[in-house]
């Protein structure tokens, strides 16, 4: 069985990438401060070994044999997909010069340190030469990977294969046209109260509540755990061990609440992958070298957003569960009714900071970044002109004057570590969430009825059977085509936002 | 710099072994139950990769070059030791057939499952055929490693290099002669009360107290942490991150107390290794494939025993700290004075179970096991006759009739995972602890004076400078020779036990 031999080999790559993931998780949750330096070396060795195992002659020999074995299978056959995807990943990595990998890694660690200082001092000029180098190497990388349209397409291939600058431009135009008026209309009227969200919320009680909510959504604690970290994240070490984290602010409730639901959504995806795919190419991102089973970063984000926003920020969810929250925090929420609470967690106000943005203005932050990255990569925007360009777009799109670069172009960690090409995933996730959910509701009306009764299992099961279980077997658009009959389509998302926020704010657009 | 290139290479082996260690630590402390199966694969892949990297042609090429570079350095030169030890480890691994490694790993996992059942049912006949196979493979392994005296010497080489059946026999004879009469004398008089140790002790308070004690001994929490596990252990991921665990029984205080001091002793060793040795051969057990910096299992055990027993079970320690313990547990210990407490934690009574044995009878359990393992390996004892042989020795040495195999030859986990040759380390640790401490006190009387004043830093510093800092640079006996002027010598240990227990029990021998 050549395919079994190939799977054993990729299983080792998966083991190494999962060890990388554990080293990372531990460094964020458990590691004592002294461990930093040597941990960085361990983390880097895991990536080097995974890469080495993947491109080794032995893997290619096994791949050749497996390719012969599955050559006559149908196109959708799982083994055939394994072979094709492994081949694609090996080819991808062979295209990138070892010297470029080394230089990028070296530069990333230098740039990250400078970014921290530049951000603290709000001094873009410190970071500019490093970003210049980052952009130069991103361009080198794009040239190595290859592209037919825009060099940025090659960069996105690592996170959102198939997405292009062209496809994004038309997507973004539709979003701007659809959401822009809603932002304008809601901003024109008085914002709802939300001061009570900043009362005292005991972190231990937040943690207990967060666990209850995650379990309610179907997150399986026998194959997972929830911890507190500075930045929430989900990470997995195969479907059998999928961990999530959230953050507990003593004086701000939404962070832990929606952080938990967001990460639980990611977690449900990984926990739901077909057990038969464990340790195989269909549950491993061999291009990005992550032990992730979701098909693309955007598809993954669609599930975190679906559970966080469509379920977790809905009025019905809180009609059902607000009593439990009030019982947990009687002093903070005793005088707040469910309608006020629901309005507060859906408060819309344009702001400078992406990670603090509300559902309605969030995508504008993404469009800004993709636009800027695209222009940096194709050379139509110079690094030195970045702050000015950034601030102009924020003014135009959100009507705000950026007071300094810390609240502007220095806010995100992505560029500090040399990453360019990842931002689009967030908006693709938003779009895909609404599109998929619309189909689920249409296909089986009992799903929404169950959700409305506080039973999330039928929705989870539908998503599992239609998305999660497939792991990386189908590409994102192929998956969308199978489920919804079409590729990425922003209409359901725009409709969802318009309906929700015009109703909530009593405005029309 | 060929030596730098070799160090980079071994650094990767060290990274992999540390990743193995983290996968292990996590599986005992944090992992959700579902993670078991895939974790086992990840753990095994790390060992396979470490082994592969170590014996690869590339390593041997770097080794050849480094060997030339250091050829004219003095014998004790650290780089020369690195080269020699790496060479020795590579040669060792090349001697062992890949097929034997595979068969042993496969057998270990099968045997472990059967042992659990055999132990639960107290039915040795279930486990016997597996142990037979274990012994057969141990013999194969010994033949592959090679030996001049007894095949058991080859097995001990993996854990306690240089130790032989001949050297152990003379050591054991001296211990029997020296300690035997003390056991007899203390057993003849009434045992002290210890019922109050089984009162209620709130686990959270035990944990807080354990942390204070570990810190007092000098364990650095900036480079470590203490967690609760079923079985206490120490494990490190370089000297920068050295973790310990202990167990918290709500109705038995000594487990957490002495478990903590024991593991903190191991931890002090690893935390004290020369930072310059980090990730090198001098801080990696390349023969056993563990990321351990202590020079042998016995030397490591000497430090856990030194801190646990010589310090932690001394009267002076509790004269200083019993007040703090009483304040932590006023209900359980309010009516117990320090003298009674000290007698209770040093209660001597022969028992069936090694891990529950007191300081005075512990070594008899070890001598029994080494004797039995030796005879199994050289064929003078058949597996089927093991229970009878075991019970006969327990009767002869400790005067007890073993009621069943669960309390007899099925009690230890070691054989279940195929390990033979490790037990001697515990007794060697006891012997070495007393020998080293005697020298420290003689060399610098202020050390004991500080200990008596509750300041453990001078002792820790002396041990660091004389033992910990050297990592694996010197062999165990070479290290002892440098420190005490002689190799392993049981006299200080026998004297310590005789003095302590004749005084405590008011007997003479």
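The values are calculated or read from the model by the stated rules, or taken from the named source; none is laboratory data. A quick note: this is a predicted structure, and the numbers were derived from the prediction, not measured. For neighbour counting, all protein chains shown are included, and Cβ atoms are generated from backbone atoms with ideal geometry for every residue, glycine included.
Here B:86, B:68 are screened, and the one residue that is over 25 Å from the mean Cα position of the chain (by Cα) and more than 12 Å from chain A (Cβ to nearest Cβ) is B:68.
Scanning segment B:133-172 for residues that are at positive phi and within 19 Å of the chain's Cα centre (by Cα) gives a single hit, B:162.
The residues of segment A:64-77 that are out of contact with any helix residue (DSSP H, G or I) (no Cβ under 6 Å at 6 or more places or on another chain) and either in a helix (DSSP H, G or I) or closer than 15 Å to residue A:101 by Cβ (or both), listed by number, are A:64, A:68. Residues in segment A:363-378 that are surrounded by fewer than 20 Cβ atoms within 10 Å (Cβ to Cβ) and more than 15 Å from residue A:409 (Cβ to Cβ): A:378 only.
Can you find a residue that is part of a loop (DSSP other than H, G, I, E, B), closer than 30 Å to residue B:80 by Cα and under 17 Å from the mean Cα position of the chain (by Cα) anywhere in segment B:236-257? Checking segment B:236-257: not a single residue is part of a loop (DSSP other than H, G, I, E, B), closer than 30 Å to residue B:80 by Cα and under 17 Å from the mean Cα position of the chain (by Cα).
Checked against the criterion of being on the phi < 0 side of the Ramachandran plot and touching a strand residue (DSSP E or B) at 6+ places or on another chain (Cβ under 6 Å), segment A:189-197 contains not a single residue that satisfies it. Evaluating residue B:190 against the criteria (1) surrounded by fewer than 17 Cβ atoms within 10 Å (Cβ to Cβ); (2) within 21 Å of residue B:384 (Cβ to Cβ) leaves one unmet condition, (2). Residue A:476 falls short of the stated requirement of being surrounded by 20 or more Cβ atoms within 10 Å (Cβ to Cβ) and touching a strand residue (DSSP E or B) at 6+ places or on another chain (Cβ under 9 Å).
Residues of segment A:41-52 that are surrounded by fewer than 24 Cβ atoms within 10 Å (Cβ to Cβ) and within 9 Å of chain B (Cβ to nearest Cβ): A:41, A:43, A:44, A:48.
Would you check if residue A:172 is in the same structural domain as residue A:350 (by TED's automatic domain parsing), part of a helix (DSSP H, G or I), in contact with a helix residue (DSSP H, G or I) (Cβ under 6 Å, 6 or more places away or on another chain) and closer than 30 Å to residue A:375 by Cβ? So residue A:172 fits the description; yes. Against the conditions (1) more than 14 Å from chain B (Cβ to nearest Cβ); (2) touching a helix residue (DSSP H, G or I) at 6+ places or on another chain (Cβ under 8 Å); (3) in contact (Cβ under 8 Å) with a residue 24 or more places away in the chain; (4) assigned to a helix (DSSP H, G or I), residue A:214 satisfies every one except (1).
Quick check, is residue A:232 surrounded by 15 or more Cβ atoms within 10 Å (Cβ to Cβ) and either closer than 21 Å to residue B:39 by Cβ or in contact with a strand residue (DSSP E or B) (Cβ under 8 Å, 6 or more places away or on another chain) (or both)? So residue A:232 passes the test. Taking the criterion of being under 16 Å from residue A:120 (Cα atoms) and under 17 Å from the mean Cα position of the chain (by Cα), the only residue of segment A:415-434 that qualifies is A:415. Tallying residues that are assigned to a helix (DSSP H, G or I) and under 20 Å from residue A:198 (Cβ atoms) within segment A:331-370 yields 12. The number of residues in segment B:1-18 that are free of Cβ contacts under 8 Å to residues at least 60 places away in the same chain and surrounded by 17 or more Cβ atoms within 10 Å (Cβ to Cβ) comes to 3. The single condition among (1) assigned by TED's automatic domain parsing to the domain that holds residue A:395; (2) at pLDDT 95 or above that residue A:231 does not satisfy is (2). Every residue in segment B:17-40 that is more than 16 Å from residue A:20 (Cβ to Cβ), touching a helix residue (DSSP H, G or I) at 6+ places or on another chain (Cβ under 6 Å) and more than 8 Å from every other protein chain (Cβ to nearest Cβ), please. Passing the criteria: only B:27. Being farther than 30 Å from residue B:507 by Cβ and away from every other protein chain (no Cβ under 14 Å) is a property that holds for residue B:157. On the stretch given as segment A:1-26, residues that are more than 25 Å from the chain's Cα centre (by Cα), farther than 18 Å from residue A:90 by Cβ and either in a helix (DSSP H, G or I) or at pLDDT 95 or above (or both) total 1. Would you mention how many residues in segment B:78-121 are in a loop (DSSP other than H, G, I, E, B) and either modelled with pLDDT under 95 or exposed (fewer than 14 other Cβ atoms within 10 Å of the Cβ) (or both)? Residues that pass the stated criteria total 1. Within segment B:144-158, the set of residues being surrounded by fewer than 17 Cβ atoms within 10 Å (Cβ to Cβ) and not in a helix (DSSP H, G or I) comprises B:146, B:147, B:148, B:149. Test residue A:301 against the criterion of being touching a residue at least 24 places away in the same chain (Cβ under 8 Å), crowded, with 20+ Cβ neighbours inside 10 Å, in a helix (DSSP H, G or I) and in contact with a helix residue (DSSP H, G or I) (Cβ under 7 Å, 6 or more places away or on another chain), and give yes or no. Yes: the conditions hold for residue A:301. Being crowded, with 23+ Cβ neighbours inside 10 Å, assigned by TED's automatic domain parsing to the domain that holds residue A:231 and over 22 Å from the mean Cα position of the chain (by Cα) holds for only one residue in A:463, A:381, A:410, A:386, and it is A:386.
So, in segment B:27-40, of the ones that are crowded, with 19+ Cβ neighbours inside 10 Å and assigned to a helix (DSSP H, G or I), which residue ends up farthest from the chain's Cα centre (by Cα)? Outline the logic, then answer.
Taking segment B:27-40 first, the residues crowded, with 19+ Cβ neighbours inside 10 Å are B:31, B:34-35, B:38-39.
Filter again for assigned to a helix (DSSP H, G or I), leaving B:34-35, B:38-39.
On the way: B:34: 30, B:35: 28, B:38: 28, B:39: 25 Å.
Step by step, filter segment B:27-40, then rank; the result is B:34.
With the requirement that a residue be surrounded by 16 or more Cβ atoms within 10 Å (Cβ to Cβ) and not in a helix (DSSP H, G or I), what does segment B:415-446 give you? Selection gives B:418, B:419, B:420, B:421, B:422, B:423.
Report yes if residue B:312 is within 23 Å of the chain's Cα centre (by Cα) and surrounded by 24 or more Cβ atoms within 10 Å (Cβ to Cβ), otherwise no. Spelling it out, it is not the case that residue B:312 is within 23 Å of the chain's Cα centre (by Cα) and surrounded by 24 or more Cβ atoms within 10 Å (Cβ to Cβ). Scanning segment B:122-143 for residues that are touching a residue at least 60 places away in the same chain (Cβ under 8 Å), assigned to a helix (DSSP H, G or I) and either farther than 30 Å from residue B:93 by Cβ or touching a strand residue (DSSP E or B) at 6+ places or on another chain (Cβ under 9 Å) (or both) turns up B:124, B:128.
Inspect all residues belonging to segment A:151-163 and state whether any of them is in contact with a helix residue (DSSP H, G or I) (Cβ under 6 Å, 6 or more places away or on another chain), without any contact (Cβ under 8 Å) to a residue 12 or more places away in the chain and outside the structural domain of residue A:380 (by TED's automatic domain parsing). The answer is no; no qualifying residue exists.
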